[in-house]
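Notes to accompany the following structure.
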Amino acid sequence: MANDGGASVSDQHPGHEQPTVGTYIRVALVLTVVTALEVGVIYVRRLAPIVVPLLLAMSAAKFALVAAFFMHLRYESRVPTFLFVGPLILASGLAVALMTLTGAFLVFGR
């Protein structure tokens, strides 16, 4: 009878790489830089016509980093990732469409 009591998680799944502390620090630094860019974009008047799409794109990038690394979707199989991303894309598209209909998301004026 085999004794599996001392096996670690990495021993049970030999093909999976695990994030290191350095990976988390790099992700945190990227998130900090993107957040600083988001705050800076607000104060650049020349970007006023595209500020909403620009902020949406930067926040989507930050969300993707958080979901991939801190929720460990990058290290999971594709099924949980698709179950998470599919409805997210649908909801985001619906939100942008509703903002466009109400005029709250006018990029190019009427």
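The values are calculated or read from the model by the stated rules, or taken from the named source; none is laboratory data. Here the structure is a predicted model, which is why all the values come from computation and not from measurement. Because the Cβ atoms are built from the backbone with ideal geometry, glycine has one as well, and the counts that use them run over all protein chains shown.
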Item to check | Pair list, Cβ under 9 Å, 6 or more apart: the range 50-67 residue over 15 Å from V39 (Cα atoms), other residue surrounded by 15 or more Cβ atoms within 10 Å (Cβ to Cβ) and among the small types (G, A, S) | outcome: none
Checklist entry - Based on what the data block shows, is P53 at pLDDT below 85, loosely packed, with under 14 Cβ neighbours inside 10 Å and in contact with a helix residue (DSSP H, G or I) (Cβ under 7 Å, 6 or more places away or on another chain)? => result no
